[in-house]
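J.: I am attaching a structure below and will ask some questions about it afterwards.
FYI, it's all coordinate maths here, none of it is from the lab. What you see is a predicted model, and the numbers here were worked out from it, not measured in a lab. With ideal geometry, Cβ positions are generated from the backbone for all residues, glycine too; neighbour counts draw on all protein chains shown.
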Amino acid sequence: MVEIAFYQLRRTPLEKALPKLLEKVLESGRRAVVLAGSEERAEALNAALWTYDQGSFLPHGMARDGRPERQPIFLATDDTNPNGAQIAVMVDGVAPADPGRFERCLDMFDGTDPAALQAARDRWRAHKEQGNTVTYWEQTQGGSWEQRA
């Protein structure tokens, strides 16, 4: 079984919150694959990772860049793990068919969108029924994360 951590975005859009979580992943010495719902979303996240902070650099790539095994962060739109990531970051409700092949999965969703919130609740229940450990993280006023469940 695997830990699925749900991150409810309320104060910060995904393009601002994702880089901060990815920084933590890299600081821990792990790799991440970001599973996006469309090529357009992956392209937007790619641009955001290049421009989110003038003083930081998050090494990342996409399929078109080649050599995925050299990318600590890889943006994908399919159920893949070409960079040997230990952490899967799931956006747009996308999930790997077998989350157990990762150490941890991070499910980021828009907590201000009622449909996205309901879909996240459904995924939470499904993961619990499968025996996975689920945790819930909520954004504070300052944009950091606090575990609530």
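J.: Can you give the Rg to Rh ratio of the chain, both from alpha-carbon atoms, with Rh computed by the Kirkwood formula? Display every interim value, and only then the final one.
T.: Working: Rg = 14.4 Å, Rh = 15.4 Å.
Rg/Rh for the chain comes to 0.93.
J.: Report P(r) for segment 107-149: all Cα-Cα distances, bin width 5 Å, range 0 to the bin holding the largest distance, values in whole percent.
T.: Percent of pairs per bin, in order: 5, 21, 26, 26, 16, 5, 1.
J.: When averaged across all projection directions, what area in nm² does the alpha-carbon convex hull of segment 54-98 cover?
T.: On the way: hull surface 16.0 nm².
About 4.0 nm², averaged over all directions.
J.: At most 12 other Cβ atoms within 10 Å and a DSSP loop assignment: could you name the trypsin sites (Lys or Arg not before Pro) in segment 43-149 that fit? Don't jump to the answer; show the numbers that get you there.
T.: Values: sites: ARG64, ARG70, ARG101, ARG104, ARG121, ARG123, ARG125, LYS128, ARG148; in loops: ARG148.
In loop regions of segment 43-149 (DSSP not H, G, I, E or B), the sparsely surrounded trypsin sites (Lys or Arg not before Pro) are ARG148.
J.: How big is segment 20-93 by Rg and Dmax over its Cα atoms, in Å?
T.: 11.2, 32
J.: Given a Förster radius of 35 Å and the C-beta distance between ARG101 and GLN141 as r, what FRET efficiency does 1/(1 + (r/R0)^6) yield to the nearest 0.05?
T.: Working: r = 36 Å, r/R0 = 1.03.
So, using R0 = 35 Å, E works out to roughly 0.45.
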